[in-house]
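Novice: Attaching a single structure in structure tokens format; questions to follow.
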Amino acid sequence: MLSVLVKLFLTCIVCVNGLKSMYSSMDEGLGECRQDDKDNCSSFSDLEQDYNSNFLYPSWVHVGVVACGDRQPETTVAVKAIMVTARSPVYFHIFTEDNLKVLFQQEFDSWPDDLVNKMQFQLYSITYPPEKFDEWKKVFKTCATQRLFMPIILKNVDSLLYIDTDILLMRPVQDIWAHFAKFNSSQLAAVAPEHESPNAGWYNRFARHPYFGKLGINSGVMLMNLTRIRQFPWLQHIDEYFDTYRYNISWGDQDLLNILFHHYPEFVYIFDCSWNYRPDHCMYMSVCRPAELYGISVLHGNRGVLHNQNQPAFKSVYNAFNNYKFDGLLNLLKAMKVNLSKLKFEEGRCESVKDLFYKQFQHHV
């Protein structure tokens, strides 16, 4: 612990003047939007809520997500999956393009009152430092790096569950939120490993930049203690790593987080693969032991598998949530089982472990 404090102290001494300058320029520069993109740009001064000692809805779960391009329908399904099993209120911070805001509003307005009465949501415009607006917006997938700026924008939010749009929670969101209580005094983020085996690892075989641990982390599901992040020169480091490795990164914001956590591994709390279950865990053989034992807690349909035919078990669950008419969780579970039962068993593919896809969910019906 002493070494961690010394490291942070020395870091702050070195960077404090630069950090003050950086935040000063951001607070001034972000008050203006690019003339050719006014519709999809807001200033930090517009979006930041006035900070005070009372955090926004401190007893609620806060969820952050970024949706640009064609990701609006997928995002509403992710929100639906969270709300149908939520045991207490949830506040959604949705960062999106202005033309998509009305679609979110219309979708949520169509939901039953008993569901929407236990949720709040705020729609934010996509916001980056104006001098690098185009660069940040286009890194990896459109707007994906927006999440890196959430700690600064959401100044009066203490903690946040960030999810990619292709995420489906298979159990109450309060269960993953409970991991915050397990953080030690230096940890500020929780993530799952990118892989379980070095034989299939991407970072250990192909990365051209530093990464966390032996196999790297996947950032599609990430608990963020925003208060602790704000006490660290977060954006200064992210900006430095982007300038240094911009031509060496393949996965955008995830790579930048891997670089950061490589240098500050003490910041990271690792939860197991069942909290970020992806095709990698079953496409060749089943490699996520916790999911085998207890079922999948969070389904992550990356590689486009929620919509294509590459791993239809993921698409089957997504379709069940997408088509769910709020007519009871038993019917939702039945739809999952019916969809999955239609899949042909193929050894070495995710269909071979299709029972895992509802094993955890059925405990909450």
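Novice: Determine if the stretch 42-62 includes at least one residue that is within 30 Å of K315 (Cβ to Cβ), at pLDDT 95 or above and either open to solvent by 10 Å² or more (accessible area, probe 1.4 Å) or not in a loop (DSSP other than H, G, I, E, B) (or both).
Specialist: Looking through the stretch 42-62, at least one residue is within 30 Å of K315 (Cβ to Cβ), at pLDDT 95 or above and either open to solvent by 10 Å² or more (accessible area, probe 1.4 Å) or not in a loop (DSSP other than H, G, I, E, B) (or both).
Novice: Please specify each residue of the stretch 231-256 satisfying the condition of being of a type in the set (A, V, I, L, M, F, W, C), outside any loop (DSSP other than H, G, I, E, B) and under 13 Å from A144 (Cα atoms).
Specialist: L256
Novice: Go through the stretch 226-253 residue by residue and tally those that are farther than 15 Å from L188 by Cβ and open to solvent by 20 Å² or more (accessible area, probe 1.4 Å).
Specialist: Residues that pass the stated criteria total 13.
Novice: Suppose the filter is modelled with pLDDT under 95 and either touching a Phe, Trp or Tyr at 6+ places or on another chain (Cβ under 7 Å) or of a type in the set (G, A, S) (or both); does F183 pass it?
Specialist: When the stated conditions are applied, F183 does not pass them.
Novice: Another one. Looking at G295, G301, which is the one that is on the phi > 0 side of the Ramachandran plot and in contact (Cβ under 8 Å) with a residue 24 or more places away in the chain?
Specialist: On inspection, the qualifying residue turns out to be G295.
Novice: How many of the residues in the stretch 87-132 are small (G, A, S) and more than 19 Å from the chain's Cα centre (by Cα)?
Specialist: 2
Novice: I'm told A178 meets every condition in (1) surrounded by fewer than 21 Cβ atoms within 10 Å (Cβ to Cβ); (2) assigned to a loop (DSSP other than H, G, I, E, B); (3) among the hydrophobic types (A, V, I, L, M, F, W, C) except one. Can you identify the failing condition by its number?
Specialist: (2)
Novice: Still on this structure, please answer the following. I'd like to verify a number: residues in the stretch 107-133 that are open to solvent by 50 Å² or more (accessible area, probe 1.4 Å), touching a residue at least 24 places away in the same chain (Cβ under 8 Å) and in a helix (DSSP H, G or I), how many?
Specialist: The number of residues fulfilling the criteria is 2.
Novice: Can you pull out the residues in the stretch 282-293 that are out of contact with any Leu (no Cβ under 9 Å at 6 or more places or on another chain) and surrounded by 15 or more Cβ atoms within 10 Å (Cβ to Cβ)?
Specialist: M283, V287, P290
Novice: Residue check, A200 against (1) at pLDDT 95 or above; (2) aliphatic (A, V, I, L, M); (3) closer than 21 Å to A291 by Cα; (4) surrounded by fewer than 19 Cβ atoms within 10 Å (Cβ to Cβ), all met but one. Which one?
Specialist: Single failed check for A200: (1).
Novice: Now a separate question. Is the stretch 198-209 home to any residue that is basic (K, R), within 30 Å of A81 (Cβ to Cβ), in contact (Cβ under 8 Å) with a residue 24 or more places away in the chain and not in a helix (DSSP H, G or I)?
Specialist: So far as the stretch 198-209 goes, no, none of its residues is basic (K, R), within 30 Å of A81 (Cβ to Cβ), in contact (Cβ under 8 Å) with a residue 24 or more places away in the chain and not in a helix (DSSP H, G or I).
Novice: Related question: Checking the structure you have, find out if any residue of the stretch 149-167 is under 23 Å from D253 (Cβ atoms), of a type in the set (G, A, S) and surrounded by fewer than 21 Cβ atoms within 10 Å (Cβ to Cβ).
Specialist: yes
Novice: I would also like to ask the following. Being open to solvent by less than 60 Å² (accessible area, probe 1.4 Å) and either under 23 Å from D243 (Cβ atoms) or assigned to a loop (DSSP other than H, G, I, E, B) (or both) is the filter here, so list the residues in the stretch 210-220 that pass it.
Specialist: Answer for the stretch 210-220, where residues must be open to solvent by less than 60 Å² (accessible area, probe 1.4 Å) and either under 23 Å from D243 (Cβ atoms) or assigned to a loop (DSSP other than H, G, I, E, B) (or both): P210, Y211, F212, G213, L215, G216, I217, S219.
Novice: May I ask you to list pairs of residues, at least six apart or on different chains, whose Cβ atoms are under 8 Å apart, with the first in the stretch 332-351 being at pLDDT below 85 and the second being exposed (fewer than 14 other Cβ atoms within 10 Å of the Cβ) and not in a helix (DSSP H, G or I)?
Specialist: Final answer for the pair search is G348/M285.
Novice: Report whether or not Y318 is within 17 Å of A78 (Cβ to Cβ) and open to solvent by 10 Å² or more (accessible area, probe 1.4 Å).
Specialist: So Y318 passes the test.
Novice: Next up: What's the number of the only condition in (1) touching a residue at least 12 places away in the same chain (Cβ under 8 Å); (2) more than 24 Å from H62 (Cβ to Cβ); (3) not hydrophobic (A, V, I, L, M, F, W, C) that E240 fails to meet?
Specialist: Condition not satisfied by E240: (1).
The values are calculated or read from the model by the stated rules, or taken from the named source; none is laboratory data. This is a predicted model, so every value here is computed, not measured. With ideal geometry, Cβ positions are generated from the backbone for all residues, glycine too; neighbour counts draw on all protein chains shown. The accessibility values were calculated without ligands, DNA or RNA, using every heavy atom of the protein model including side chains. Shrake-Rupley method; radii C 1.70, N 1.55, O 1.52, S 1.80 Å.
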